[in-house]
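Participant: So that we are looking at the same thing, I have put the structure below in structure tokens.
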Amino acid sequence: MSRYDEGTERTFAALPPAQGRGFAKTWWGQAWLKSLEDAALDSQQLKAGRRLARAGAVGAVTVRPGRITAVVQDRDRTARRADVLLEELSDEQWDRFLDMAVERAGHVAALLDREMPPHLVEDAAAAGVELLPGMGDLEPECDCDAWDHCGHTAALCYQVARLLDQDPLVLLLMRGRGERALLGALQARSAPRAEPVAGPEGVDAAEAYATGDILPSLPTLPELPSEPGTPPSLDTDAPPAPGIDPGALHHLAARTAVEAHRLLARALRAEAEQQGSEPELTAAQDAVRLAVGAPEGSVAARLAEGSGRSREGLTRATRAWSLGGPAALAVLEEEWTVEGETLVRARAALEAAWDEDERPVLRAGFNRWTVVGEAAQLRLGRDGRWWPYRKERGRWVPAGGAALDPATALSSAEADSGDGEA
């Protein structure tokens, strides 16, 4: 499928026309498309790009550090060279990423398996290395002379999302390191290093006494642990004090460790000073957060009661929370009327998401659009993102993370559609 030029260039043969509505199935492929869709100023150009990519109009894709290139054919068969640029990581950033990766064996194993788990990206971000592109990071260049993303560069990005699904190392090549160089550096860092033998050292006693009032410099801050700490075991011979539930206490300690690790990672990011404070959770929201992680029966029952939900309702709530925190929980439980400019933007997004012959029939109700004849649904969040839902055993449940593109979100719900339409 590909060829290498000393590991610094990789060329993929043209992919066949895309089947279905979604270009990216993995979360990192969807993050790539989110960077494109967040920054593009013209949704019609994105629609044109999706149409060209689906039709197989994108030729062989060449990937090299900082740039991807392909020839894209218009509907009139005019060939255009499209390039998309992505900033390479500096040598210092690569060193931080490699040092972070070898500290946790699961990171290296995931890369070898062509996977990019969220904790790898989060750990890299905590080390000051952003692997996935953010808003505006994908810079377009096209010989059609468009100054922003055109249909040709958009088509190239949609096609690359399919390549990233197959191999996330393609992204690392764009960031500056080919597979052989990357794996070689990881292997070198993983090899055991001989400890230097310390020889006898000392200073004159009078000299040491004379400089005794000089304090040593403060030690450097310890690095963020790769994962949350494990609470101490509560297994003892002593019976618990009255009113103390050991199972609940152990679960609370474990969830507190997870939350502390998340907050610390967020605080240590380079852009932390630009981030606003998170709103305080309500008691019901906090009960859902604590219920993530499948607590024991008695603990789950208490959390369900504290959240004001049934056990089944709590299960749906924790599923939503795992996908997007408070925002996803609000989409699960809130119905609100879409009107004014928000309704205009929603209708425009739905109109642009599919070609006329591919558009599903949707029935609107409040902020929810249900696919007629299928067990799939789109829900609009108050932040303008679309959330996929599917029906399971007669109830709507979250089916994936949010997306700005309704078609991308709906493809997640359709992948595992449930037992019937609403």
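The values are calculated or read from the model by the stated rules, or taken from the named source; none is laboratory data. Keep in mind the model is a prediction, meaning the values are calculated, not measured. Virtual Cβ from ideal backbone geometry, glycine too; neighbours counted across all protein chains shown. When the accessible area is computed, the model is the full protein with side chains, heavy atoms only, and any ligands, DNA or RNA have been set aside. Shrake-Rupley method; radii C 1.70, N 1.55, O 1.52, S 1.80 Å.
Participant: Give, as a single signed number, the net charge of other residues whose beta carbon lies under 11 Å from the beta carbon of Pro133, with Lys and Arg counted +1 and Asp and Glu -1.
Facilitator: For residues surrounding Pro133, the net value is -3.
Participant: Convert each backbone phi in region 57-72 into a coupling constant with the Karplus relation 6.51 cos²θ - 1.76 cosθ + 1.60 (shift: θ = phi - 60°), then list the ³J(HN,Hα) values in order as whole Hz, x for Gly and Pro.
Facilitator: Couplings: 7, 8, x, 4, 9, 9, 10, 9, x, x, 7, 10, 9, 7, 9, 10 Hz.
Participant: Net charge around Gly324, counting only other residues with Cβ within less than 12 Å of its Cβ (Lys, Arg = +1; Asp, Glu = -1)?
Facilitator: The answer is +2.
Participant: Return the lysines within reach of Lys47: Cα separation strictly under 25 angstrom, same-chain partners fewer than 8 residues apart disregarded; answer none if there are no such residues.
Facilitator: Lys25, Lys34
Participant: Hey, another quick one. Computing the accessible area with a 1.4 Å probe over protein heavy atoms, can you report the carbon and sulfur percentage for region 111-180?
Facilitator: Using a 1.4 Å probe with all protein chains present, region 111-180 comes out at 48 percent carbon and sulfur.
Participant: Would you kindly derive the ³J(HN,Hα) couplings of region 336-351 from the backbone phi angles with the Karplus curve 6.51 cos²θ - 1.76 cosθ + 1.60 (θ = phi - 60°), listing them in order in whole Hz, with x for Gly and Pro?
Facilitator: 9, 7, 8, 8, x, 4, 4, 5, 4, 5, 5, 5, 5, 5, 5, 5
Participant: Right, something else. Quick check: at a probe of 1.4 Å, how many percent of the accessible area of region 22-87 sits on carbon and sulfur atoms?
Facilitator: 47
Participant: Just to confirm the filter: which trypsin sites (Lys or Arg not before Pro) across region 35-115 are DSSP coil and have at most 16 other Cβ within 10 angstrom of their Cβ?
Facilitator: Arg75, Arg77, Arg104, Arg114
Participant: What are the ³J(HN,Hα) couplings of region 370-385, residue after residue, when phi is run through the Karplus curve with 6.51, -1.76, 1.60 and θ = phi - 60°? Round to Hz, x for glycine and proline.
Facilitator: Per residue, the Karplus-derived 3J(HN,Hα) values read 9, 6, 5, x, 9, 8, 10, 8, 10, 10, 8, x, 5, 8, x, 8 Hz.
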